Amino acid sequence: MEAVTMDEFIVRALLAGLLVVLVSGPLGCVVIWRRMAYFGDALAHAALLGTAIALMLEVRPLFGVIGIGVVISYLLLRLQLNKDLSSDAILGILSHGALATGLVMMAMMQAQGQRIDLMAYLFGDILSVSWQYLAWLAAVCGLVLLLVHRLWESILAIAVDEELARSEGIAVDRVRLLFMLMMAVLVAVAMKIVGIILITALLIVPAASARRFARSPESMALLAVVFGLLSVSLGVLGSMQWDTPAGPSIVLAAVLLFFVSRLKRAV
Amino acid sequence: MSAFLIKADDIGLQINQRSILEHISLCLEPGKILTLIGPNGSGKTSLVRVLLGLLQPSEGSLQKKPGLVVGYMPQKLHIDGVLPMTVSRFLHMGQKVSEAEVQATATTLGVANLLPQPIQGVSGGEFQRILLSRALLRKPDLLVLDEPAQGVDINGQQQLYQLISSIRDEYGCGVLMVSHDLHLVMEETDDVLCLNTHICCSGHPEAVSKHPEYLKLFGSSLDGMAVYTHHHDHSHDFHGDETDESKPSAEHKHGSCNHG
């Protein structure tokens, strides 16, 4: 019986990874097309604060993470209005500001006797995924994928050129807002897989590996999913084999795959 | 049919306390080509952006024909190499057009052979024609072209302007374009609007080319402006010998002034 449960949690972990990379593949491509890696980082770091707030209010972490994602995006837009600071400086401030606040809040809650597994949030806990969580994950990822599919052409047009898209009547601001919300949802669910510190890697590394093999935006998104899937599988199996933490192992596998992908000649 | 596509009334635009546009009124009509000319920094691109709704004017009002479809060809567009995209995919992107339509339009503009190529690999002139193809595939009521001849050599420019004029004839759309060189577009445009923050002068291209405000800005007689003198040398080559042009211009000058 022991072997069965052992198999089961690996299966659950791999399924959770598959679900997350189905979303992170296409979104990660958009992130590197639009140079939003810093924004992804800021959302991920802010997710810790979102989780802390959710724990305090006793709601699902997802809602806290989405809520704080909205706040971060709003602050970013407000601070960008005055052009005396660059976006990456503003994002750096928001990102680390949110991370620090989250860490302080969690420490205070721990001091009050609340049991919080900080390491699980920071580095992921894919091996502890339950069937129940998987069902929830499938529903959330399915919804996001559906939305990505519906908005794909608009997202692409905006990635090519925002002004051209606007002049052609695409509701650029609405699509951007929805994209930001999808990113926040992804961050919330990917937290469990690789942890907030390494979420951006799960977004950009498989997408970057896919670039040289892709001739169209769609094939790049699809290949990013394949690279993501390989990374999750290799990472989870490697972490079992060598007893290493799963999240960093997944990212390490992704990065190794990236360097392998660079062996292909540029076209 | 509505009488106008876009009507701008007394548009003003200030950015950071600097006046970019002042008291601009104009009307874009179906089947008409209006060319905006003006020196660098005269607000041409800003005016185009206001008309497209990309910039909010600080003053004045803008009316658009309901359901107006605009085909916009921006001055510059850079598609990063990180985005894998063929020319064909770019033309299909975000619009419901058939393969046959794309093929036909690309053939008209001489870019059909580029369709399967990555868009990052095409030359400047080819890219301009690809952008124009995309604008046309939208079946626009109004075509907006910001410096369409950029990166195109002087012979190609003439061809491009003739092409734009024939597109207007074929599609019956209105055209708003921005150009540096009045003499090159002269034959293909219906109206010219000479801009330098405010409207300096406007009207038929012949009249504008002899208007004192235009001459003050572009100074065909100013030898100091080497760049412009150079351009004019070239345009003379296309329009015939120089003595023919300089003589009537002296006579017509008074005529057009009286009209204005």
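The values are calculated or read from the model by the stated rules, or taken from the named source; none is laboratory data. Just so it is clear, the model here is predicted, and its values are computed rather than measured. Every residue, glycine among them, receives a Cβ derived from its backbone with ideal geometry; neighbour counts consider all protein chains shown.
If you go through region A:94-117 and keep only what is within 21 Å of the chain's Cα centre (by Cα) and surrounded by fewer than 15 Cβ atoms within 10 Å (Cβ to Cβ), you end up with A:His96, A:Ala100, A:Asp117. Where strands (runs of 3 or more DSSP E) fall entirely within region B:32-106, those with at least 1 residues that are more than 12 Å from every other protein chain (Cβ to nearest Cβ) are at B:33-37, B:59-64.
One line per residue, one yes/no per condition, for (1) crowded, with 24+ Cβ neighbours inside 10 Å; (2) within 19 Å of the chain's Cα centre (by Cα):
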position: A:Ile197; (1), (2): no, yes
position: A:Ala207; (1), (2): yes, yes
position: A:Ala214; (1), (2): no, no
position: A:Met220; (1), (2): yes, yes
position: A:Val226; (1), (2): no, yes
position: A:Ser233; (1), (2): no, yes
position: A:Gly238; (1), (2): no, no
position: A:Ile250; (1), (2): yes, yes
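Assess whether A:Val21 counts as being within 14 Å of chain B (Cβ to nearest Cβ), closer than 23 Å to A:Ile193 by Cα, modelled with pLDDT of 90 or more and out of contact with any Lys or Arg (no Cβ under 9 Å at 6 or more places or on another chain). When the stated conditions are applied, A:Val21 does not pass them. The residues on offer are B:Gly31, B:Gly38, and the sole one that is in contact (Cβ under 8 Å) with a residue 24 or more places away in the chain, within 22 Å of B:His183 (Cα to Cα) and in contact with a Cys (Cβ under 7 Å, 6 or more places away or on another chain) is B:Gly38. The residues listed here are A:Ser261, A:Ser239; of these, the one that is touching a residue at least 60 places away in the same chain (Cβ under 8 Å) and farther than 18 Å from A:Ser24 by Cα is A:Ser239.
Please specify each residue of region B:108-136 satisfying the condition of being over 22 Å from the mean Cα position of the chain (by Cα), not aliphatic (A, V, I, L, M) and not in a loop (DSSP other than H, G, I, E, B). Residues satisfying the conditions are B:Asn113, B:Pro118, B:Gln120, B:Gly121.
Of the residues making up region B:158-177, those that are buried (at least 21 other Cβ atoms within 10 Å of the Cβ) and over 15 Å from B:Pro30 (Cα atoms) number 2. Within region B:141-157, the set of residues being touching a Gly at 6+ places or on another chain (Cβ under 8 Å), buried (at least 21 other Cβ atoms within 10 Å of the Cβ) and not hydrophobic (A, V, I, L, M, F, W, C) comprises B:Asp141 only.
Of A:Val205, A:Val189, all but one fail to be within 14 Å of another protein chain (Cβ to nearest Cβ), assigned to a helix (DSSP H, G or I) and among the β-branched types (Val, Ile, Thr); the exception is A:Val205.
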